[in-house]
Amino acid sequence: MKSAAPPAPVAAVDPRHELTDRIFELRTVMKRLFGAGIYRELREELQSVTIHQLTALGHLKAGSVTMRELAKELDVTESSATAVTDRLVRQRLVERLSDPTDRRVVRLALSEDGAALVKRLDEAAASKIGEMVTALTDGQLTQLVDILETLADASPEVRGQLTGTIEGADA
């Protein structure tokens, strides 16, 4: 009588891989929960503002930039950044300003309406985060902040923002 074939080896389950998969799944849920509350609160103001425009507004929050600088921040061509900016200017959320040090340079800055919208978005985001973390104990919230800071510190992009370069990027 022939003996049965040995059972196929069972692949070892990598708990770290399972956890990273779970983080990916939860990221989608958290993004939906977070975004839904903000957009519901500001629906009327945001009805004609695209996600690309919101991203541009977020970059302008730190101060005026040139079109080239905005394109670099958005990781798009200058013509794409110009198209986004043109729409924001028509919506009166962004202004084109002359550069006091170089008349050839045009700078982009938030208009009064744009700054007010960004402020309301930031306030809505802070409020939504406040609502979401009420489910955590103080200890869990402290751990979450510590973990997020560790991840931010480990990111080459974040270190680059702090030092003015992106590690590993070619000049």
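The table for this structure:
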| item | result |
| --- | --- |
| Leading residue by the ranking (nearest to the chain's Cα centre (by Cα)) among those in the stretch 51-68 that are among the polar types (S, T, N, Q) and part of a helix (DSSP H, G or I) | Thr55 |
| Any hit, the stretch 143-157, residues being surrounded by 13 or more Cβ atoms within 10 Å (Cβ to Cβ), out of contact with any Pro (no Cβ under 6 Å at 6 or more places or on another chain) and assigned to a helix (DSSP H, G or I) | yes |
| Qualifying residues in the stretch 6-24 (those that are at pLDDT 70 or above and either in contact with a Gly (Cβ under 8 Å, 6 or more places away or on another chain) or open to solvent by less than 100 Å² (accessible area, probe 1.4 Å) (or both)) - the one farthest from Ala124 (Cα to Cα) | Val13 |
| Index of the failed condition, Val106 passing every other in (1) in contact (Cβ under 8 Å) with a residue 24 or more places away in the chain; (2) within 18 Å of the chain's Cα centre (by Cα) | (2) |
| Output for the stretch 79-103, where each listed residue is open to solvent by less than 80 Å² (accessible area, probe 1.4 Å) and either more than 23 Å from the chain's Cα centre (by Cα) or farther than 23 Å from Leu42 by Cβ (or both) | Ser80, Ala81, Thr82, Ala83, Leu97, Asp99, Asp102 |
| Residue tally, condition in a loop (DSSP other than H, G, I, E, B) and open to solvent by 60 Å² or more (accessible area, probe 1.4 Å), over the stretch 27-49 | 2 |
| Tally, over the stretch 92-126, of residues that are within 24 Å of Tyr39 (Cβ to Cβ) and touching a helix residue (DSSP H, G or I) at 6+ places or on another chain (Cβ under 8 Å) | 11 |
| Ala125 within 22 Å of the chain's Cα centre (by Cα) and at pLDDT 90 or above | no |
| Single condition Glu123 does not satisfy, out of (1) open to solvent by less than 60 Å² (accessible area, probe 1.4 Å); (2) in a helix (DSSP H, G or I); (3) within 29 Å of Ala71 (Cα to Cα); (4) not polar (S, T, N, Q) | (1) |
| Long-range neighbours under 8 Å by Cβ, at least six apart or interchain, first residue among the basic types (Lys, Arg) within the stretch 77-92, second open to solvent by less than 80 Å² (accessible area, probe 1.4 Å) and assigned to a helix (DSSP H, G or I) | Arg87/Gln53; Arg92/Gly114 |
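The values are calculated or read from the model by the stated rules, or taken from the named source; none is laboratory data. Keep in mind that this is a model prediction, so the values were computed, not measured. Please note: Cβ atoms are built from the backbone with ideal geometry, for glycine as well, and neighbour counts cover all protein chains shown. We work out accessible area using only protein heavy atoms, side chains counted, and drop any ligands, DNA or RNA first. Shrake-Rupley method; radii C 1.70, N 1.55, O 1.52, S 1.80 Å.
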